[in-house]
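Report on the structure given below.
Just so it is clear, none of the values below were taken in a lab; they were calculated from the coordinates. What you see is a predicted model, and the numbers here were worked out from it, not measured in a lab. Don't worry about glycine lacking a Cβ; one is built from the backbone with ideal geometry, like all the others, and counts go over all protein chains shown.
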Amino acid sequence: MLIQRLTDILSSEITAPEIYRGRREFMRAAGTLALAGGLGLQVADAAAGVKLAGTRPGPYGTSEELTPYKDVTTYNNFYEFGTDKADPAVNAGSLNPRPWTVRVDGLVNRPGQYDIDALLKLASLEDRIYRMRCVEGWSMVVPWVGYPLNELIRRVEPLGSAKYVEFTTLNDRARMPGLRSPVLDWPYTEGLRLDEARHPLTLLAVGLYGETLPNQNGAPVRIVVPWKYGFKSAKSIVRIRFVEHRPISSWERAAPREYGFYSNVNPEVDHPRWSQSRERRIGEFRKRKTLMFNGYGEQVARMYTNLDMRRYY
Amino acid sequence: MSPRQFTALKSGLFLLCLVPLANLVYGLIADTLGANPIEVLTRGLGDWTLRFLLITLAVTPLRRLSGLGWLLRLRRLLGLYTFFYALLHFASYVWLDQFFDWAEIGKDIVKRPFITVGFASLLLLLPLAATSTNAMMKRLGGRRWQVLHRAVYAIGIFAVLHFWWMVKKDITEPATYAVVLALLLGMRLYWALRSGPGRHGVGVS
Ligand code: HEM
């Protein structure tokens, strides 16, 4: 285990040029921030993200080309702000991600309310460059900022009876215009098995491209589970609950035949209405082959050795 | 309307029907279609196929309601544009979505109901386009031509189903098209029933 960790870190250091390329974007953002600071703007008012200081390169990096900031922040599925992928960037201004608290409760020894600023300081922030594969057949490469969700989980000390974790997204019509339309059963909820939630790849993300999360990407705090289809990664979360029984997530409730609880990226198990064998990487012309577990099989496959992935899609 | 006025009108309409395509092509070149331009293109062409289909289907009721006989003489142009946009939509699927992987395309047509009905609409459009000339109309005879071209009702239903079955969750758009189609077909049904069983079918096309 220890040796594997070391090689992971090593390989991420080899990808330094990619991180560097991202940094140039960071510098641009830092300039924006300096300007905002000069104008005396508060964090909550700044339209652009605010630079997150003191991040360090995290493991599991990829050397693939980053999806441009503009595409990452204008092509989003976030139904709380509308069902078109261009909607969130237009409508998410009203989210107002500060102040913000996340309630952590359920089957844990130390439940609590976490202020976003406390969450930001809970563990050291890492730059994690992950592939993101949407169930609709497109993908991106996103440089997230965050830390393993397990940093939070181990602090709240789950009880032995806790088997699953449920995430709940904010449910506030005044701040999320899309909630007025009953496309999904609000609030948006998602869930993971406890071992999945504790996996070192699973991220509690607070930023991307070195800045705080733009509203349309799930500000101020979200989950990122890179080996599962994107909808498993709940955005703008207000609650993390530890439970004994498998929760039913929003998409599963909406269409159980199409969106299973696991929703691991799997090129061999098609969505009932379209193939999952290939994907369009945003910015590329030709489609590319979809990788098992989105290319993270080495890290996660062993969690599913006893699972029939056709049945538990 | 004088013949000259009609020619001008028809030429104007011909050009107008090219505007959606020009818009998409311009967007591709100017890179204003967003993060996933290919999706916007394929879907835009699909949208316009359906819109042209419904516009074509609106000609007969409009003529009947307005009494403007010359409207009927624009119908062929609109129908052929429907076919033109359908071909482009299909081409963009075959090329930009599947990259000429015919095995994969065949599997899609058989396995995915939304593709199956889309493909059925395209197939049904083929004989209608092929028999759209005056010569073909003559060869078939008005009555048989009319019966054949009733396939357009099935095309409309398949096309709306195609869109309905494609969307992930938000059915607002396909439902809107479904309402328009239901109105256009419902009017025909109403008129057909009212004109009595003896004259069934006359004026229905
Ligand atoms: C008369 C025939 C057809 C009509 C009216 C039609 C119409 C449409 C419409 C309205 C859409 C949705 C656009 C949107 O989301 O805004 C669509 C999508 C689509 N159509 Fe068709 N279509 C037809 C034929 C076909 C055929 C023959 C195929 C392929 C064999 C096809 C493949 C597709 C695909 C793959 C999409 C989804 C595109 C994407 O998700 O990017 N269509 N079509």
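At a glance:
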quantity	calculated
Over the protein assembly as shown - Rg/Rh using Cα atoms and the Kirkwood inverse-distance radius	1.05
In Hz, Karplus ³J(HN,Hα) per residue of segment A:82-96 (6.51, -1.76, 1.60; θ = phi - 60°; x = Gly, Pro)	x, 8, 7, 6, 8, 4, x, 4, 7, 9, 7, x, 7, 5, 6
Max mean-square fluctuation residue, GNM over chain B, Cα-Cα springs under 10 Å, options B:TYR81, B:TYR93, B:TYR26	B:TYR26
Förster-model FRET efficiency, 30 Å R0, B:SER195 and B:GLN5, C-beta, rounded to 0.05	0.40
Neighbouring partner chain Cβ atoms per residue of A:52-59, average, 10 Å criterion	0
Residue-by-residue Karplus 3J(HN,Hα) for segment A:281-292, coefficients 6.51, -1.76, 1.60, Hz, glycine and proline x	6, 3, x, 9, 8, 7, 6, 10, 5, 7, 9, 4
Ranked A:SER124, B:SER121, A:SER250, criterion: other C-beta atoms within 10 Å, fewest first	A:SER124, A:SER250, B:SER121
Phi to ³J(HN,Hα) by Karplus 6.51 cos²θ - 1.76 cosθ + 1.60 over segment A:218-227, Hz, x for Gly, Pro	x, 4, x, 8, 8, 9, 10, 10, x, 8
Per-residue mean of C-beta atoms belonging to partner chains within 10 Å, peptide A:203-215	0
Aspartates and glutamates with Cα under 17 Å of A:LYS121, excluding same-chain neighbours fewer than 8 positions away	A:GLU151, A:GLU211
Average beta-carbon neighbours from other chains, 10 Å sphere, peptide B:166-176	4
Ranked list, fewest to most other Cβ atoms within 10 Å of each Cβ, for A:ASP195, A:ASP270	A:ASP195, A:ASP270
Fraction in percent of alpha-carbon pairs per bin - 5 Å, segment B:3-195	1, 7, 13, 18, 20, 17, 12, 7, 4, 1, 0
Straight-distance crosslink candidates among lysines, where the alpha carbon sits under 23 Å from B:LYS168 and sequence neighbours closer than 8 are dropped	A:LYS85, A:LYS228, A:LYS232, A:LYS235, A:LYS287, A:LYS289, B:LYS107, B:LYS111
Reachable lysines, given that their alpha-carbon falls under 25 Å from the alpha-carbon of B:LYS10 and they are not under 8 places away in the same chain	B:LYS138
Sequence of A:PHE81, B:PHE99, A:PHE261 once ranked by neighbouring C-beta atoms within 10 Å, starting from the fewest	B:PHE99, A:PHE261, A:PHE81
Within a Gaussian network of chain B (alpha carbon springs, distance under 10 Å), most fluctuating of B:LEU18, B:LEU65, B:LEU41	B:LEU65
Computed magnitude of the charge dipole of chain B (debye, nearest 20; Cβ of K, R +1, Cβ of D, E -1)	1400 debye
Under-5 Å amide H pairs with A:LEU208, H placed in peptide plane, nonlocal only	A:VAL145, A:LEU213
At least 18 Å along the helix axis (C-alpha) and Kyte average at least -1.0, DSSP helices within chain B	B:3-16, B:37-66, B:75-92, B:113-130, B:151-166, B:172-194
Sequence-distant residues sharing a close amide H with A:GLY191 (under 5 Å, placed H)	A:PHE167
Amide H contacts under 5 Å for A:TYR130, placed H, 5+ residues apart	A:VAL142, A:TRP144
